[in-house]
Structure formats: C-alpha cells, structure tokens
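Quick notes on the structure that follows.
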Amino acid sequence: MLELFLGILTAMGGFVEIGELTFAVNAGSKFGYGLLWVAAVGTIGIIVYGEMAGRVAAVRGQPVFNLIRERVGFDAGLVTLVAAVAVNVLTCAAEIGAIALVWQLFVDWPYRAWVAVAFVFLALAVWVLPFQWIERVFGLGGLLLVVFLAVAVMEAPDLAEVGAAFMPRMPALESTQEYLLYAYYSVALLSSIMLPYEVYFYSSGAVEDRWKPADVRRNRLIVVLGFVLGSLLCVALIIVGSQFFGPRHVEPQLPGVVATSAAAHFGVAGLLIAIGGMFFAFAGAAIETALSAAYGIAQFFGWPWGRFRPPREASRFTITWLAVFALATAVILTGVDPVSVVEYSIVFSVVILPLTYLPLLLVAGDRRIMGEYANGPIARALGWLYMGIVTVAALAAIPLLILTHGGQG
Amino acid sequence: MRWHAARWVRWLQVAVGLSIVGALGFATFVAVTGKPQSTLYITLGELRTRAAESLEIARGSAASRLTPNFVRAQAAQLASRIASLRDALADAETHDGVADARTARPLSERLLALTRELAERADTPSAARPIERELGAIVERLVPLARSARPG
C-alpha cells in the first residue's frame with residue numbers, strides 16, 4: 001500500500017518540467033482559460049499510453065524501444081531512435097539550463113559555472129542513488145510545486161468559467177496570426193503533457209522494478225491517479241497565468257518570474273518553496289531524459305541495461321547516459337538560451353509521438369502477445385483516437401513553429 | 001502484424017518529413033518572393049513583457065517578499081534579455097516600423113538602466129520604490145505601443 005501511495009505521489013511530483021511550466025503559464029497569460037481543454041485532452045492521452053506501456057512491461061517484460069525494434073524492424077526503428085535520442089538530449093539540455101537559472105536565484109555565481117555544477121550533480125545523483133531513490137527524491141521534491149495550486153486557489157478564479165473551459169472550443173481572436181498562435185500553443189501544451197520520454201522512462205522503470213502481470217492493477221492506479229493529480233498542477237499553472245500574469249501583461253519565460261506569483265501570496269516562504277519545487281522537477285526531468293536516451297539505445301541494440309545492474313555489468317548503458325548529460329551540458333554551455341531550447345524540444349517531441357506510440361498500441365492490443373491483458377474496447381478506442389490526435393499534431397507542429405516565428409506571434 | 005507496424009511507421013515518417021519540407025519550402029518561397037513581413041511587433045511584445053516582469057521584481061523587492069539575491073539574479077537575467085531587445089530595436093530603426101522603433105528604443109534604454117539599478121540595489125528594498133514607479137510608467141507606455149504594432 002505504501003509502495004502504491006509513493007508511486008502515485010512520485011508520478012504527480014514528476015509530472016511538471018520546464019517545458020510544461022513555461023507553456024502552461026504562458027498559455028494562461030495569452031489565452032486565459034482558453035487552453036484548459038488541451039490539458040484535459042493531454043492528460044487522458046498520457047494516461048492511455050502510460051498505462052499501455054506499463055502493462056506491456058509488466059506482462060511481457062519489454063520496454064518501448066525493445067518493442068519498436070521487434071515490431072518495426074531495424075531501419076524504420078533506427079529513424080525513430082535517432083529522433084527520440086535527439087529530442088531527449090535537447091530536453092535534457094533545457095532542464096540543465098533551467099536548473100542553472102534556478103540555482104542562480106539562490107547563489108549569484110555565473111550561469112555557466114552553475115551549468116557545470118548541474119552536470120556534476122546530476123551525474124553523481126544517477127551514479128550514487130538506487131533507481132527507486134531517484135524516482136522518489138526528485139518526484140516527491142517536485143511536489144513542492146503544489147504551492148502553485150495554492151496560488152491558483154488564492155487567485156479566486158471563476159469556477160464555473162474554469163469548468164466550462166474544459167470543453168474543447170475555439171475562442172474569438174483578433175487575427176489569423178492569433179489563431180495560428182493559439183493552434184501552436186495547443187500543440188505545444190499537448191506535447192508538454194504527453195512528452196515521449198515519460199513513456200520510455202515509465203516502461204523502463206517498470207522493468208527496473210521487476211513488475212509482473214500481478215502489477216497491472218497497480219500500474220493502472222499509479223497512472224490514473226498520479227497523472228490526474230499531476231495534471232492538476234498543469235491546470236493550476238494555466239490559472240496562475242490567466243489570473244496573475246495576464247492582467248500584469250507578463251508572459252513569463254524565466255522560472256524565477258513564475259515564482260514571483262507564489263511570493264505575492266505567501267511571501268519569502270512561498271518564493272523558496274516554488275523555487276525548490278522547480279529545482280526538483282527540472283532535475284528529475286533531466287535525469288529521466290538522460291536515462292530514457294540510454295534506455296532507448298541499449299534496448300534497441302540489445303545491450304545489458306538498467307540501474308539495477310552495477311555499472312560494470314552495463315558499461316555501454318552507463319557510458320551512454322553519462323554522454324547524454326555531457327552532450328546536453330555542452331549544448332547549454334554554447335550560450336544558447338535555455339528558453340529557446342525548451343520551445344524546440346517540446347515541438348520536436350510531438351513529432352516523434354506517433355512513431356513511438358504506434359508499435360506500443362499494436363502490441364498492447366494483440367491477444368496473441370498480451371493474452372488476457374490485451375487492450376479492452378475502451379483502451380483500444382482511446383488508443384486509436386489518440387493516435388489520430390498525435391498524428392495531426394505531429395504533422396502540424398513544424399509548420400506552426402515556422403508560421404508563428406517560433407511561437408512568438 | 002510486424003509488417004503492418006513497419007509499413008505504418010514508415011508512412012508516418014514520410015508524412016512528418018513531408019510536412020517539415022513543405023513548411024520550410026513555403027517559408028523560403030514567401031521570404032524570396034513576398035514582401036518582407038515586419039516582426040517588430042514581436043520585439044515590442046517581448047519588451048512589454050520584460051518591462052512588466054521587471055516591475056513585478058521591483059514590486060516584490062519593495063514589499064520585502066523577495067530575497068536580495070533573488071532580486072539581484074533575476075534582474076540580471078532580465079537585463080541581458082532587455083539588452084538584446086534594445087539592440088533589435090536599433091536594427092529595426094533602419095528597416096521597418098521606424099516610428100514605433102524610435103519611440104520604443106529610449107524606453108528600452110531606460111528599462112535596461114532601471115533593471116540594472118534594481119540588481120545593484122537589491123539589498124535595499126526601499127530603493128526599489130522609485131524604480132517601481134518609473135517601471136510602471138514604462139509598462140503603461142509599452143502596452144498600447146505593442147498592441148498597435150500587432151498585425152490585423
């Protein structure tokens with residue numbers, strides 16, 4: 001029972017990362033509650049595919065990239081792998097940059113010095129901590145972001161209006177450019193909630209934790225409760241954007257600016273809790289993306305992998321996640337703005353979503369492989385519905401990025 | 001099923017690739033053949049939000065609800081972004097939206113000076129009050145300017 005409870009809390013605390021923080025608050029500031037429905041659509045989507053990934057891992061002991069190689073073949077699978085690793089490195093770079101920005105708010109060292117410290121810290125954390133501790137320390141620490149739920153409540157939003165905004169609708173905007181920007185934010189917010197690394201990490205984690213078919217029910221509870229509670233944080237961030245930042249003409253890009261909303265209501269304590277929560281959330285996401293890239297490569301090429309193995313037994317896997325941290329750090333040390341990296345990592349993430357999810361959907365629905373644990377009618381219908389949604393989003397993502405000048409307008 | 005999965009994933013890869021190539025082609029075609037579209041409204045919108053963010057920091061500092069180091073570091077992070085926007089406005093003065101850029105440029109200079117002053121005097125909350133007032137005035141001037149520059 002305690003394991004289940006901790007699993008739900010870590011899923012909730014690990015839900016938000018720099019991309020979701022930025023896009024959710026900005027979506028609220030630009031469009032009010034107009035994109036709350038996207039948060040609901042994205043949450044159901046990540047529940048559907050997260051549950052499938054956990055179930056397949058529990059029943060077959062196979063994580064996502066193992067399935068991709070097996071079902072799609074080497075050539076097509078390799079294209080997906082390369083795209084997924086590139087996106088993971090970009091996302092990891094964005095998280096490392098965001099960690100440095102957050103640490104600067106506590107101790108005013110040069111930004112690049114903090115980036116280097118972040119690299120050492122993250123590498124040590126993964127090297128030293130057992131897998132379950134990595135999940136728990138950063139997942140539970142990320143729960144400090146609950147302060148934004150309190151801020152959202154303190155802002156006294158119109159609950160009837162909030163409730164109505166969960167129904168998909170097209171708002172009345174002033175120009176074609178505004179509609180394009182609204183579409184861009186819809187795709188980006190959906191992507192930030194359904195980030196593919198979450199599914200890679202979750203399914204690999206299930207194998208690391210040696211889940212068995214008996215864990216299928218536990219998997220369902222963790223995914224549904226953890227992700228629904230996590231999405232409450234996303235909803236709270238949209239409300240904070242709409243109620244606090246919108247009227248002040250602020251469309252925040254820097255994490256520290258987002259934290260000022262907590263300070264406005266709860267003073268220095270609120271500020272420190274918000275910044276602390278951001279640190280744990282970003283560090284957790286950096287670790288998950290680096291490990292996800294290493295999981296993907298090791299699973300695809302059939303190398304021994306997993307944090308449950310000593311580094312010597314899984315040497316290529318260990319070198320890979322260290323290399324991902326190093327590469328991501330190098331990207332940020334070039335001086336590129338981490339906020340820009342966030343935008344590109346989120347948009348490119350949605351492009352690989354259907355390539356990742358299709359093999360998973362086909363395997364999870366196959367009775368010859370999954371037996372009694374194969375997708376039922378609801379999972380099958382939702383799975384195909386979301387395959388259609390993420391495919392449309394993937395096709396629209398890059399054109400929207402270009403037409404909106406990188407999401408700026 | 002393996003054959004189906006491979007074929008469908010290949011189709012998806014081709015479709016996504018075509019959407020990227022098509023979007024890049026369209027953007028190149030417009031850039032080569034069309035009238036260059038001004039993006040000054042983006043710069044002005046960003047300048048407005050950076051000014052409003054500096055105002056929030058000044059407000060929080062004056063009310064002692066932000067720590068001095070937070071104010072110092074956050075104002076410095078904002079200042080580097082404001083400096084980039086000021087440079088972009090200087091470039092815009094010679095290209096497009098001359099009138100708006102000329103109006104906004106001195107505002108960006110003052111905004112940068114105030115944000116740097118906020119960082120330098122982070123240990124003295126009372127020093128943030130006059131900065132807050134002046135930043136408020138800059139935000140009030142930038143809001144209509146950024147709005148009127150938007151296309152449509």
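The values are calculated or read from the model by the stated rules, or taken from the named source; none is laboratory data. Predicted, not measured: the structure shown is a model, and the values here were computed from it. So basically every Cβ, Gly included, is an ideal-geometry build from the backbone, and we count neighbours across all protein chains shown.
Restricted to segment A:150-179, and to residues there that are of a type in the set (D, E, K, R) and more than 30 Å from A:L271 (Cα to Cα), the residue that is modelled with the highest pLDDT is A:E178.
Report yes if A:V120 is surrounded by fewer than 22 Cβ atoms within 10 Å (Cβ to Cβ), closer than 28 Å to B:R72 by Cβ and in contact with a helix residue (DSSP H, G or I) (Cβ under 9 Å, 6 or more places away or on another chain), otherwise no. No; evaluated as a whole, the condition is false for this residue. Taking (1) at the interface with another protein chain (Cβ under 10 Å from one of its Cβ atoms); (2) part of a helix (DSSP H, G or I); (3) of a type in the set (S, T, N, Q) in turn, B:T115 satisfies each apart from (1). For segment A:266-290, residues that are at the interface with chain B (Cβ under 9 Å from one of its Cβ atoms), touching a residue at least 40 places away in the same chain (Cβ under 8 Å) and not aliphatic (A, V, I, L, M) total 2.
The set of residues in segment A:61-76 being in contact with a helix residue (DSSP H, G or I) (Cβ under 7 Å, 6 or more places away or on another chain) and over 18 Å from A:S349 (Cβ atoms) consists of A:G61, A:Q62, A:P63, A:N66, A:L67, A:R69, A:R71, A:V72, A:G73, A:A76. Of all the residues in segment A:42-82, those that are in contact (Cβ under 8 Å) with a residue 12 or more places away in the chain and within 24 Å of A:I389 (Cβ to Cβ) number 27. A single member of A:V102, A:V146, A:V115 is within 13 Å of chain B (Cβ to nearest Cβ), touching a residue at least 60 places away in the same chain (Cβ under 8 Å) and crowded, with 17+ Cβ neighbours inside 10 Å, and it is A:V102. Scanning segment A:277-326 for residues that are surrounded by 15 or more Cβ atoms within 10 Å (Cβ to Cβ), among the small types (G, A, S) and assigned to a loop (DSSP other than H, G, I, E, B) yields a total of 2. Exactly one residue among A:T391, A:T356, A:T329 is more than 18 Å from A:G50 (Cα to Cα) and either at pLDDT below 95 or part of a helix (DSSP H, G or I) (or both), and that residue is A:T329.
With respect to the stated conditions, A:L67 is surrounded by 20 or more Cβ atoms within 10 Å (Cβ to Cβ), of a type outside the set (S, T, N, Q) and part of a helix (DSSP H, G or I).
For segment B:58-71, the set of residues classified as crowded, with 21+ Cβ neighbours inside 10 Å and within 7 Å of chain A (Cβ to nearest Cβ) consists of B:G60, B:R65, B:L66, B:F70, listed by residue number. A single entry from A:V240, A:V257, A:V250 fulfils the requirement of being farther than 30 Å from A:G376 by Cβ and in a loop (DSSP other than H, G, I, E, B): A:V250.
With the structure loaded, tell me whether B:A6 is at pLDDT below 90, out of contact with any Pro (no Cβ under 7 Å at 6 or more places or on another chain), in a helix (DSSP H, G or I) and closer than 18 Å to A:Q177 by Cα or whether it fails that test. The answer is no for B:A6.
Taken over segment B:39-57, the criterion of being without any contact (Cβ under 8 Å) to a residue 40 or more places away in the chain and more than 7 Å from chain A (Cβ to nearest Cβ) is satisfied by B:E46 alone.
Could you tell me whether A:E251 is among the charged types (D, E, K, R) and either on the phi > 0 side of the Ramachandran plot or more than 9 Å from chain B (Cβ to nearest Cβ) (or both)? Considered against the rule, which asks whether it is among the charged types (D, E, K, R) and either on the phi > 0 side of the Ramachandran plot or more than 9 Å from chain B (Cβ to nearest Cβ) (or both), A:E251 comes out as no. With respect to (1) facing chain A (nearest Cβ under 7 Å); (2) out of contact with any Lys or Arg (no Cβ under 7 Å at 6 or more places or on another chain); (3) within 24 Å of A:H265 (Cβ to Cβ), the lone exception for B:A15 is condition (3). Within segment B:21-36, the residues that satisfy the criterion of being outside any helix (DSSP H, G or I) and free of Cβ contacts under 8 Å to residues at least 24 places away in the same chain are B:G34, B:K35. Scanning segment A:359-388 for residues that are outside any helix (DSSP H, G or I) and within 13 Å of chain B (Cβ to nearest Cβ) yields a total of 3.
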